[in-house]
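The values are calculated or read from the model by the stated rules, or taken from the named source; none is laboratory data. This one's a predicted model, so the numbers in the text were calculated from it and none came from an experiment. Glycine also receives a Cβ, built like all others from the backbone with ideal geometry; neighbour counts cover every protein chain displayed. SASA here: full protein model, heavy atoms, side chains in, ligands and nucleic acids out. Shrake-Rupley method; radii C 1.70, N 1.55, O 1.52, S 1.80 Å.
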Amino acid sequence: MTTPEERLCSRSWRLRHSAWTLWTLLSFGLFTFCGFLIIGLKARNRMWLLSAAGWFVYTVGMFIAMSTIDSGTKENPSNSVAYNISAAVFFLAWIGGIVHVFITNRAYLRWKAHDADTPWYAGTSGPAQPTGPPSSPGSGSLPPAVDSAMRGYTAPPTPPAPPWPGPQPTTTASDPRHTTSAQAFSHPRHDAASAHGAVDVNRAGVEELQRTLGLDAATAHAVVTTRARLGRYVTPDQLMTEAGIPPHIYLSLKNRIDTPSAPTPPSTPHSPGRRLEF
């Protein structure tokens, strides 16, 4: 299992990384803070660490209540109001802790699936010096000189642009072998399907996503709304991580979707103009 989708679809992987929930199930909610503390430190998630602090306060308060409230003996148990209230709070907190843990476990598994999970001893002895441009999704949006200055590596020199070969002779549209790039760009495809049959999710609308991919109306609207918020999808994985498509649905559509880069219109050479002779 090398991809996040394969990890999330594996039941054994999900069960193995959900072991932290046993702190709540086996301790009747008294040690729920231990599970949140473990995942909060692993993911460095402030919300989970705050949850651990809140459950720790509950544990301390419950231990204080159990030591101060008279519960009676086995032969003569106590039926006081304080004892009944503390027992009800204990039971409700256990049920609430189970619900809180299982809701948080879904977010933790998504984070764990995308985590590199590299052991501490696999790191280098010193800071790594990058030798080339990193393969991050957003690195292509900056000029090479600016990107190299921000990331600390030497950008290779930009090769000079080839000279303009001059005006090309026009050809008839009857021969498709002589179609120029300007003619090909002037007649773009109006559907979102690419040359190899995949659906371009950066161009498809709600109705086309429902017709070609079989998505329901809510999922298709989520794909289009997220695309408007992001500007465009850079990788197909963003349909799962950003648009919220479930992993099993994404795996069935992975080979049928595409996120090609936006076409760049060809540059038009400047005409030298007409020279007047006197």
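Amide H to amide H, with H built 1.01 Å from N, ILE257 comes under 5 Å of VAL199, counting only residues 5 or more places away or on other chains.
When each of the peptides 199-205, 230-236 is scored by how many other beta carbons lie within 10 Å of its residues on average, the order from highest to lowest is 199-205, 230-236. Per atom type, segment 1-93 shows carbon and sulfur on 67% of its accessible surface, probed at 1.4 Å. The largest accessible area among LEU8, LEU251, LEU15 belongs to the first residue in LEU15, LEU251, LEU8, and the rest follow in falling order (1.4 Å probe, all chains). Across segment 27-99, the volume of the C-alpha convex hull divided among the residues equals 84 Å³ per residue.
Whole number in Å², please: accessible area per residue of segment 42-88, 1.4 Å probe, ligands, DNA and RNA not counted. Walk me through the intermediate numbers first.
Working: 3550 Å² over 47 residues.
Averaged over the residues of segment 42-88, the accessible area is 75 Å².
In the complete set of protein chains, residue-level accessible area for VAL223 is approximately 0 Å², probe 1.4 angstrom.
If the chain linking ALA217 and SER67 were pulled fully straight, counting 0.36 nm for each residue of separation and taking away their Cα-Cα distance, it would gain 48.4 nm.
Stretching the chain fully between HIS17 and ALA53 yields a gain of 10.8 nm (0.36 nm per residue, less the alpha carbon separation). Residues TRP23, TRP111, TRP94, sorted by accessible area with the largest first, give TRP23, TRP111, TRP94 [1.4 Å probe; ligands and nucleic acids excluded].
Annotation: for a label point projected 7 angstrom from Cα along Cα→Cβ of ARG256, residues of segment 205-235 with backbone N closer than 19 Å are 205-224.
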